[in-house]
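The values are calculated or read from the model by the stated rules, or taken from the named source; none is laboratory data. No experiment lies behind these values; they were computed from the predicted model shown. Don't worry about glycine lacking a Cβ; one is built from the backbone with ideal geometry, like all the others, and counts go over all protein chains shown. The accessibility values were calculated without ligands, DNA or RNA, using every heavy atom of the protein model including side chains. Shrake-Rupley method; radii C 1.70, N 1.55, O 1.52, S 1.80 Å.
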Amino acid sequence: MAGGGLQVKCRLCESETCNFVGTDGVRTFAQCSSCNLVFVPDEELVSVEDEKCRYAEHDNSAADAKYVEYITSFADEIGRVPIESPRVLDFGCGPAQVLEKVLAERHVPCESYDPLYGIGAKTIQSTYDVVAMCEVMEHLRDLQKELDLVKRLLNRPGYVVVRTELYTEHTDFESWWYARDITHINFFRLTTMLRIAEYLGKGMFFTNARNVMIFG
């Protein structure tokens, strides 16, 4: 439900023209009128400690068959990249580093990075053919800073493979399941993703227009 203007700056494009589009009763959802990013304002974010506690509720491990199946489907999307045996960085890998294990079975070199868990600090001193971000962008507190890092990590040519649920003009943020997770603070339309591709100096190589985007 759209409403009036809010005194907040867009986390992606820094526009100060943002409108109220809903609330979950605790957090406010603001929509940028320029890039269409919907975001939770900084002052309403949960603490990092609470964020980690929320992640701990998920069984995102190599022992969970459903999660491995989910990550395997994401690995299939990486397979669309037209580079033979690309060097991959799993950006925001989580504590179990499952994508690295799945890609190793396919003989695709992959390293993992997740500062929240102290994983892979040295990996960001290198460059990669693919930066993979599976359910990561919706969590990023400093979106510009993280995108700048992704840009620096990419070889030329290089690809960014993203999975995150997109919203549409019909999405009701007050009831949408994806917005109910307190760690989800950024929500994207396809037009927003095109702006991100441009920010990275890339085009949209592939998208299913629902939850997978490949910039290249």
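Restrict the check to segment 19-26 and report whether at least one residue is within 26 Å of Asn208 (Cα to Cα) and within 18 Å of the chain's Cα centre (by Cα).
Residues of segment 19-26 within 26 Å of Asn208 (Cα to Cα): 21.
Narrowing the set further to residues that are within 18 Å of the chain's Cα centre (by Cα) leaves none.
No, segment 19-26 has no match at all.
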*more than 26 Å from Phe215 (Cα to Cα), part of a helix (DSSP H, G or I) and over 16 Å from the mean Cα position of the chain (by Cα) - does that describe any residue in segment 77-99?*
no
*Of these, Glu49, Glu77, Glu43, which one is out of contact with any Ser or Thr (no Cβ under 7 Å at 6 or more places or on another chain), more than 14 Å from Val8 (Cβ to Cβ) and free of Cβ contacts under 8 Å to residues at least 12 places away in the same chain?*
Glu49
*Any residue in segment 183-204 that's within 14 Å of Cys35 (Cβ to Cβ): show its pairings with residues that are in a loop (DSSP other than H, G, I, E, B) and open to solvent by 50 Å² or more (accessible area, probe 1.4 Å) at Cβ separation under 8 Å, as long as the two are six or more apart or on different chains.*
Arg189/Thr168; Leu190/Ala209
_Scan of segment 37-46 for residues that are open to solvent by less than 40 Å² (accessible area, probe 1.4 Å) and not aliphatic (A, V, I, L, M), ordered by number_ = Phe39, Pro41
_Step by step: first the residues of segment 47-61, then only those that are open to solvent by less than 60 Å² (accessible area, probe 1.4 Å) and part of a loop (DSSP other than H, G, I, E, B), then the one that is modelled with the lowest pLDDT. Which residue is that?_
Ser61
*When you go through Cys18, Cys32 one by one, which is the residue that is surrounded by 17 or more Cβ atoms within 10 Å (Cβ to Cβ) and farther than 17 Å from Ala179 by Cα?*
Cys18
*Please name all residue pairs, on different chains or six or more residues apart, with Cβ atoms under 8 Å, provided the first residue is in segment 146-160 and is under 20 Å from Asn186 (Cβ atoms) and the second residue is of a type in the set (Lys, Arg).*
Val160/Lys202
*Please tell me if Leu12 is modelled with pLDDT of 95 or more and either surrounded by 19 or more Cβ atoms within 10 Å (Cβ to Cβ) or at negative phi (or both).*
yes
_Residue under evaluation Thr72, criteria (1) open to solvent by less than 40 Å² (accessible area, probe 1.4 Å); (2) of a type in the set (Val, Ile, Thr); (3) in a helix (DSSP H, G or I), criterion not met_ = (1)
*Conditions: (1) out of contact with any Leu (no Cβ under 7 Å at 6 or more places or on another chain); (2) open to solvent by less than 60 Å² (accessible area, probe 1.4 Å); (3) touching a residue at least 40 places away in the same chain (Cβ under 8 Å). Asp90 meets all but one. Number of the miss?*
(1)
